[in-house]
1. Select from region 62-113 the residues that are small (Gly, Ala, Ser) and surrounded by fewer than 15 Cβ atoms within 10 Å (Cβ to Cβ) and list them in ascending order.
2. Which members of region 32-85 meet the condition of being in a loop (DSSP other than H, G, I, E, B) and either modelled with pLDDT of 75 or more or in contact with a Lys or Arg (Cβ under 7 Å, 6 or more places away or on another chain) (or both)?
3. Tally up the residues in region 113-151 that are in contact (Cβ under 8 Å) with a residue 24 or more places away in the chain, farther than 19 Å from Val70 by Cβ and assigned to a loop (DSSP other than H, G, I, E, B), please.
Amino acid sequence: MPAEDTHGTEPTVRDAISAPDAEGRPRRVTRRFPLFTRDTARPEGGGRAAAGDAPAPARQWPMLLVLSTVALGLLLTALDLFRLGTLLIGGALLAGAVLRWTLPGVGMLAVRSRFTDIATYGVLGLAIALLAMTAQPKPWLEIPFLKDTLHFTLTK
């Protein structure tokens, strides 16, 4: 197990793959966790969205907002309001991306790094919303090259 150095308050771990110094120890110091971790770091922004003395639902309101909106969208989809329900699901994911971008702490809505969460929520939300708007019959949005692309791939 690598030797740990403490500089100030944050522990650092010597990187075992860097070139050794004169005493045979690796020169480069990293803040990564050692190979056998006892705990994992929370993602940035993964702290509570409300004060610690607030009840659990209040501390996790961003996640509850996104999940309840997705649940409503699924309910509308099940009740044969496909386009409205899927637009609501896509909008909920886009709202999750906006919340992750703007708020310093979003609780369990933070899964990975801020960039990864925003990109994932944003791309999936946009894709679901666009697919809902292009769904047949009577699409709200028509992509001109999509029909030609589909025709080309099926006839060749």
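The values are calculated or read from the model by the stated rules, or taken from the named source; none is laboratory data. Given the structure is predicted, the values throughout are model-derived calculations rather than measurements. No Cβ is skipped: glycine too gets one built from the backbone with ideal geometry, and neighbour counts run over all protein chains shown.
1. Start the filter on region 62-113 by keeping residues that are small (Gly, Ala, Ser), which leaves 68, 71, 73, 78, 85, 90-92, 95-97, 105, 107, 110, 113.
Across region 62-113, the qualifying residues are Ser68, Ala71, Ala78, Ser113.
2. Quick first cut of region 32-85, residues in a loop (DSSP other than H, G, I, E, B) only: 32-55, 60, 79-81.
The answer is Pro43, Glu44, Gly45, Arg48, Ala49, Ala50, Gln60, Leu79, Asp80, Leu81.
3. Selection size over region 113-151: 2.
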